[in-house]
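The values are calculated or read from the model by the stated rules, or taken from the named source; none is laboratory data. Treat the numbers as computed from the prediction; the structure is a model and nothing was measured. Note: ideal-geometry Cβ built from the backbone for every residue, glycine included; neighbour counts use all protein chains shown.
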Amino acid sequence: MSVSLDAFFANMLPFLEGRVGVAETVQAIGPSPSGNARLALYPKFIRRQKRSVLDGFFASARAACDAHAPMLWNRLTDEFINSVAPQHWEPNHYAGQLLTFLTAKQAQTAAIPPAVLELVDFAWIRFSTMNAAPPQGTDLAIGRALFVRYYANEVAKFALAVEDGSALRGAVPEAFACTLLVCRSRHSMRLEVVRPSLGALVALRRREAPHAPVQLPRGLCEADIDREEAALVTLGVLAPHSAARGEGHPP
């Protein structure tokens, strides 16, 4: 029995995703030289890989989820695996689709703690930051290699505790609002998770829109903003002024 490549791939995809059984696949494309029993292992291997990616990538979200309700994480990710197919050749990118899925699910049922969604987002932006092209010159790379997030929960400390093994079983993130700046340092190329001051956020906005008027918050002066901007340059969040003068901000 011979089939075209188009027919082969059209039938193998639903089989590998677990939507079609071995018998139906073999009937469509012909028998496997390895036999049906071995052929049947491939969907199991692929599902196992998807599970491994999600469990490893979102370790902190999984811990918080199961602290809320035992096996909740497995139920949610099983549903995700069953309904969402990878859209990228690199396995870790499959994780990037989970936040959209869980957000929609949470809107329907309200069964997912908001902290879990924040932990999923925090894990994804850290990965995105470290895999984005390094920003060049005055490019801030906001949304690519630099993210600013306001979270209602202390996700950074909790994620670190889970990842280094120091989190207590059944622990959840502290309900403490925080603003985080996540980026890759232009100097060290390492991940930086910064808790920016109000002055630092103003400095970042000034770099983002140098010609837009910025009303300083009460209690801050230009010297405060300049000092915070210099600290961001030292950390590698922003380019030095030698690269930024073309943006209209005075040296």
Review point. What pairs can you find where one residue is in the range 85-97 and assigned by TED's automatic domain parsing to the domain that holds Asp55 and under 20 Å from Phe15 (Cβ atoms), the other is in a loop (DSSP other than H, G, I, E, B) and at pLDDT 90 or above, and their Cβ atoms are less than 9 Å apart, with a gap of 6+ or different chains?
Key: Tyr94/Val84
Practice item. Six or more apart or on different chains, Cβ under 8 Å: which pairs go from a residue in the range 111-140 that's touching a residue at least 24 places away in the same chain (Cβ under 8 Å) and closer than 13 Å to Arg184 by Cβ to one that's basic (Lys, Arg) and in a helix (DSSP H, G or I)? Could you list them? Key: Leu140/Arg207
Check your understanding: Going through the range 34-71 one residue at a time, which ones are closer than 21 Å to Leu160 by Cβ, within 20 Å of the chain's Cα centre (by Cα) and of a type in the set (Gly, Ala, Ser)?
Key -> Gly56, Ala59, Ser60, Ala61, Ala63, Ala64
Review point. Based on what the data block shows, is Ser188 surrounded by fewer than 18 Cβ atoms within 10 Å (Cβ to Cβ), within 22 Å of Ala145 (Cβ to Cβ), without any contact (Cβ under 8 Å) to a residue 60 or more places away in the chain and of a type in the set (Gly, Ala, Ser)?
Key: yes
Study note, to complete from the structure: Subset of the range 44-102, residues closer than 22 Å to Val155 by Cα and of a type in the set (Lys, Arg), comes to Arg62
Point to revise | Test: Arg126 is among the basic types (Lys, Arg), under 20 Å from Val237 (Cβ atoms), at pLDDT 95 or above and over 11 Å from the mean Cα position of the chain (by Cα) | key: no
Practice item. Identify, by number, the condition in (1) assigned by TED's automatic domain parsing to the domain that holds Asp66; (2) surrounded by fewer than 14 Cβ atoms within 10 Å (Cβ to Cβ); (3) not acidic (Asp, Glu) that Ala209 doesn't meet. Key: (1)
Review point. Which of the residues that make up the range 212-229 are surrounded by fewer than 18 Cβ atoms within 10 Å (Cβ to Cβ) and touching a residue at least 24 places away in the same chain (Cβ under 8 Å)?
Key: Arg227
Check your understanding: Can you tell me which residue in the range 145-171 is farthest from Pro210 (Cα to Cα), limited to those that are at pLDDT below 95 and crowded, with 16+ Cβ neighbours inside 10 Å?
Key -> Ala167
Practice item. State which residue pairs qualify: first residue more than 17 Å from Asp6 (Cα to Cα) and inside the range 26-46, second residue polar (S, T, N, Q) and in a loop (DSSP other than H, G, I, E, B) in any location, beta carbons under 8 Å apart, and separation of 6 or more residues or different chains. Key: Arg38/Ser32; Leu39/Ser32
Review point. For Met130, are the conditions met, namely being more than 29 Å from Asn74 (Cα to Cα), hydrophobic (A, V, I, L, M, F, W, C) and surrounded by fewer than 16 Cβ atoms within 10 Å (Cβ to Cβ)?
Key: no
Review point. How about the range 82-118: which of its residues are buried (at least 16 other Cβ atoms within 10 Å of the Cβ) and either over 17 Å from the mean Cα position of the chain (by Cα) or charged (D, E, K, R) (or both)?
Key: Lys105, Gln106, Ile112, Pro113, Glu118
**Study point:** Matching residues, the range 46-101, being part of a loop (DSSP other than H, G, I, E, B) and under 25 Å from Gly170 (Cβ atoms)
**Key:** Phe58, Ala69, Pro70, Met71
